[in-house]
Amino acid sequence: MILASKQNIMTALLAYGEFEVAEKADKLADEQVLQIGKIAMNYVATNNLVDKTLALAAVEYVEGKKRDLKRNRREMKYYNDNSEKDEGFFGRMMKLIMKK
């Protein structure tokens, strides 16, 4: 499983041109973010960029099917100010993981 915050996922989606999915990702619950992290592991073997695996997994989770991203390469401007907005995220994720 890849642990990532909602902000990490949204940044990855924006960088790969997935603006519509990023809007939907903003409304995800912690459990849904955790599911995206699980799906992302399916992409690790074929993609060496964590952000690309997160973007692919988020698209698959939100849309219900696999597809290529709108951009093959990241647009780096979305990484300029990626400060974590949810300081308690990883603590909540660990609680969700430990429940399972």
Among Y43, Y16, the single one that is farther than 12 Å from M93 by Cβ, in contact with a Leu (Cβ under 6 Å, 6 or more places away or on another chain) and buried (at least 21 other Cβ atoms within 10 Å of the Cβ) is Y16
Does L3 fit the bill of being surrounded by 13 or more Cβ atoms within 10 Å (Cβ to Cβ) and farther than 22 Å from M94 by Cα?
no
Is it fair to say A45 is within 19 Å of Q7 (Cα to Cα) and not acidic (D, E)?
no
Check off (1) part of a loop (DSSP other than H, G, I, E, B); (2) modelled with pLDDT under 85; (3) over 15 Å from the mean Cα position of the chain (by Cα) for D86 and give me the number that stays unchecked.
(3)
Answer residue from the stretch 60-72, given it is among the basic types (K, R) and touching a residue at least 12 places away in the same chain (Cβ under 8 Å) and is nearest to N48 (Cα to Cα) among those:
R71
Scan Y78, Y16 and give me the residue that is among the hydroxyl-bearing types (S, T, Y), out of contact with any Phe, Trp or Tyr (no Cβ under 8 Å at 6 or more places or on another chain), at pLDDT 90 or above and over 26 Å from M98 (Cβ atoms).
Y16
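The values are calculated or read from the model by the stated rules, or taken from the named source; none is laboratory data. Note that the coordinates shown come from a computational prediction; the quantities given were computed from them, not determined experimentally. Here the Cβ is made from the backbone with ideal geometry for all residues, glycine too, and neighbour counts use every protein chain on show.
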